[in-house]
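Below: the structure, in structure tokens.
The values are calculated or read from the model by the stated rules, or taken from the named source; none is laboratory data. Model, not experiment: these values are computed from the prediction. Backbone-built Cβ (ideal geometry, glycine too); neighbour counts: all protein chains shown. Each accessible area value is taken on the protein alone, full model and side chains, heavy atoms only, with ligands, DNA and RNA left out. Shrake-Rupley method; radii C 1.70, N 1.55, O 1.52, S 1.80 Å.
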Amino acid sequence: MRTEDIIKGLLNLTRISTQNGEEQIEEAKIIDVLDALLASDDLALTELIPILLSLFAQSGFSMDLTPLFDKYGIGSQQGETLQKFLLITLSMLKEENLPLPADCSKQETLLKKRWGDLASTDILELGDGISLQMNRLREVFRRYTSQLHAVQPIRSKEAQGDSTSSPPRFHRQLRLLFPAKQEELILKKLKGDPLTKTEREYYSRVVKKKLKMLADKNLQELAARLIAR
């Protein structure tokens, strides 16, 4: 079975059907799939754990893995494996400019104190002689995260009411139009984060002008006509 088919299958396992017939990502289902991956001896499945962890953030959930830590114990091999994967997932979400789960900064700080900066290493050691190449993990994450979220998950009610939380497609579109620095400023403005004096001046002088151009109806109509040809 192809890796993309496996990921699509994992995504389907995290969904439930609602009363109106729509499908929705359920937090408990993500936990169940992660549990199965942690118990697997197949390294090809183990390396998909960061993709499943990223689904928490993409769906508007916090990364609350308490049920798994309660089951295995923080100091068990599974518990330590989960901690390591959580740390590198947060790092890779940042690298790809994808949304981060709420209140993850403290969690990341605590994990780095224990495990160091795992994202900067070449090999991820999981114990009992098991190791994964970090380059391979990054390749899998980058290649398949967009496929995992190709069908937009329905976010939690809290996230739906939060206008500062943006779906992955929104971030991909920003990346096509704006350099990383400008995208960062746009996201900070959306979230209401304070800007430094330099950032405010740059936003007003450069970024805001580009946004005004995008909002121009004549330009939008021109783009629509060209796309239709």
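If I ask for residues that are in a helix (DSSP H, G or I), among the polar types (S, T, N, Q) and farther than 21 Å from Asn12 by Cα, which ones from region 53-88 would you list?
Thr66, Gln77, Gln78, Thr81, Gln83 - these are the residues of region 53-88 that are in a helix (DSSP H, G or I), among the polar types (S, T, N, Q) and farther than 21 Å from Asn12 by Cα.
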**Prompt:** Do the conditions hold for Lys29, that is, is it surrounded by fewer than 14 Cβ atoms within 10 Å (Cβ to Cβ), free of Cβ contacts under 8 Å to residues at least 40 places away in the same chain and more than 14 Å from Val140 (Cβ to Cβ)?
**Reply:** no
**Item:** Residue that is modelled with the lowest pLDDT, among those in region 182-194 that are over 18 Å from Lys212 (Cβ atoms) and over 19 Å from the mean Cα position of the chain (by Cα)
**Value:** Gly192
**Message:** Let me confirm something: among Leu65, Leu86, which residue is more than 19 Å from Thr121 (Cβ to Cβ) and modelled with pLDDT of 85 or more?
**Reply:** Leu65
**Prompt:** Which ones in region 32-51 are assigned to a helix (DSSP H, G or I) and touching a residue at least 60 places away in the same chain (Cβ under 8 Å)?
**Reply:** Leu43, Thr46, Pro50, Ile51
**Request:** Return yes when Asp117 is of a type outside the set (Lys, Arg) and at positive phi and no when it is not.
**Result:** no
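Listed here are the residues, each with its yes/no results for (1) modelled with pLDDT of 90 or more; (2) open to solvent by less than 20 Å² (accessible area, probe 1.4 Å); (3) of a type in the set (Asp, Glu); (4) under 19 Å from Leu34 (Cα atoms).
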| site | (1), (2), (3), (4) |
| --- | --- |
| Pro101 | no, yes, no, yes |
| Lys106 | no, no, no, no |
| Trp115 | yes, no, no, no |
| Asp122 | yes, no, yes, no |
**Fill in**
Filter region 90-124 for residues that are part of a helix (DSSP H, G or I) and touching a residue at least 40 places away in the same chain (Cβ under 8 Å); the one that is farthest from Arg175 (Cα to Cα) is Gln107
**Item:** Pairs with Cβ under 8 Å, 6+ apart, first in region 188-199 and surrounded by 10 or more Cβ atoms within 10 Å (Cβ to Cβ), second of a type in the set (A, V, I, L, M, F, W, C)
**Value:** Lys188/Leu195; Lys189/Leu195; Leu195/Leu185; Glu199/Leu185
